[in-house]
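To start, the structure itself, in structure tokens.
The values are calculated or read from the model by the stated rules, or taken from the named source; none is laboratory data. All of these numbers come straight from a predicted model, not from anything done at the bench. Cβ placement follows ideal geometry from the backbone for every residue including glycine, while neighbour counts extend to all protein chains displayed. Remember, those area values only see protein heavy atoms, side chains included, never the ligands or the DNA or RNA. Shrake-Rupley method; radii C 1.70, N 1.55, O 1.52, S 1.80 Å.
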Amino acid sequence: MSYDIYTNSIDQLNVTDEKQIINTINPHSYVTAKNDPLFEIALRDSDVLLPDGSGIVLAAKNIHRVRIQKIAGMDLHIHLLEQLNTKSGKCFYMGASQNTLDKIKERLTREYPNITAEFYSPPFKPEFNAEDNAEIVQVVNDFQPDVLFVGMTAPKQEKWLYAHKNSLDFKVASSIGAVFDFYAGTVQRPSQFWIDLHLEWLPRLLKEPKRLWRRNFVSTPLFLWDMLGYKIGIKK
């Protein structure tokens, strides 16, 4: 459906000295990007674009007869932390509230003691001004992380990372949004039972219907309609 999607397993992703951006795509971000050119550019410019959604897996199977695995942002987060812990690496969390970052720090120290981490809670506003951006870039570059995790709402996080990637000093950067809250425990991720059924979205929708109704009742049907178009050859 016009995006280059990562098709290997999560185990084959490595932190290297080559600068790279790893992002995720799901049906909602696919639909959102159709009306947000900068977001679409940011997604396409990713060095690795992970299939974070059962809809993406379904599209690969139905259009190309290729079986791929869903790789959620949380899966990527844990995978990178395990690599960093083995190598005694460094990571930087940029985004979320200070309370959330404090909880992440507490858990990270307990579970991955070999990782050195730094944290920054940006101003809570729709758009950062030039001074905000300069300060964020400075604190990240002073730390020089192996991995930079950006945790703001999509598409803000992807567009911000795309706009500032050349100014930032990192080896791997990834926009992982809600993972900050999941890992901190401020928001409960659905259990493995729902994940295995490809229904992870359902408990989240029931808990936050006002925030998530659009992605499930608008974006998903639009995505499936496009998928059908690609499958039967109307779209190419």
Tally of residues being in a loop (DSSP other than H, G, I, E, B), hydrophobic (A, V, I, L, M, F, W, C) and surrounded by 14 or more Cβ atoms within 10 Å (Cβ to Cβ) across the range 114-140: 2
Search result, residues across the range 211-230 that are open to solvent by 100 Å² or more (accessible area, probe 1.4 Å) and either within 14 Å of SER2 (Cβ to Cβ) or at pLDDT below 90 (or both): ARG211, TRP213, ARG214, PHE217
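Which ones in the range 66-90 are more than 16 Å from LEU13 (Cα to Cα) and buried (at least 16 other Cβ atoms within 10 Å of the Cβ)? Walk me through how you get there before you give the answer.
Taking the range 66-90 and keeping what is more than 16 Å from LEU13 (Cα to Cα), we get 66-67, 88, 90.
The answer is LYS90, and nothing else.
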Matching residues, the range 23-81, being assigned to a loop (DSSP other than H, G, I, E, B) and either acidic (Asp, Glu) or modelled with pLDDT of 95 or more (or both): ASP36, ASP45, SER46, ASP47, ASP52
Residue in the range 139-151 that is touching a His at 6+ places or on another chain (Cβ under 8 Å) and over 25 Å from LYS87 (Cβ atoms) present: no
Residue list for the range 91-113, restricted to those being in contact with a helix residue (DSSP H, G or I) (Cβ under 7 Å, 6 or more places away or on another chain) and exposed (fewer than 15 other Cβ atoms within 10 Å of the Cβ): ARG107
Among (1) among the aliphatic types (A, V, I, L, M); (2) surrounded by fewer than 16 Cβ atoms within 10 Å (Cβ to Cβ); (3) part of a helix (DSSP H, G or I); (4) at pLDDT below 95 - the single one ALA163 does not satisfy: (4)
Qualifying residue in the range 141-152 (condition: assigned to a helix (DSSP H, G or I) and among the small types (Gly, Ala, Ser)): no
